[in-house]
Amino acid sequence: MSKISAHLPSSITPFSVISQIARRIRIVPLIVLLISTVPAWFLMEAIAPQVVRAYTARVDLTIDRLPEENYETVLRKAEAAARAAAQRSFDQDILVTDVSIIVTVQNYGAIAPVLTLEVSRPQWRSRPDAQNWATYFKTARSLLFFENSSNPVPAASGVSTQK
């Protein structure tokens, strides 16, 4: 006599209780994972906040002296150029926190820095005046040959020999 029996493909028989427990075991870690990510993110931001991507804008300006200008006129022109460059730097890029501007003047081939303007955005917002934040170079007048004499540039003496 032979017995005919139906064989199941697996020796594990599905029980409804076991399947319910297995489903809960898979759902619980997923819920714990989802709930714990938000506090973990807040904790990471409190410990190590993201890097601020602010920077200093550096501008170099050169001004040519016109023949009828004296040193004070050139200085006022340099202040106006520095003011415009600072305002333009802050307006063009919102990430700029500081501006550093160096204004040089050229006078008949002599070149020297006249002023430097270093200002932060809050300082500039409170008082947008170049004279307030500028540092003037004292030796620029003599380096550019703006002496108190009427000649802007010392003339080279031409020695003529008679034959």
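Read-outs: derived from the displayed coordinates by stated rules, not from any lab. Just so it is clear, the model here is predicted, and its values are computed rather than measured. Backbone-built Cβ (ideal geometry, glycine too); neighbour counts: all protein chains shown.
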How far apart, in nm, are two points set 7 Å out from the Cα along the Cα-to-Cβ line at R121 and at V32?
-> 4.4
Linear extension gain, R58 paired with R88, 0.36 nm per residue minus alpha-carbon span | 9.6 nm
Estimated FRET transfer efficiency when R0 is 25 angstrom, pair D129-V51 (beta carbons, to 0.05) = 0.20
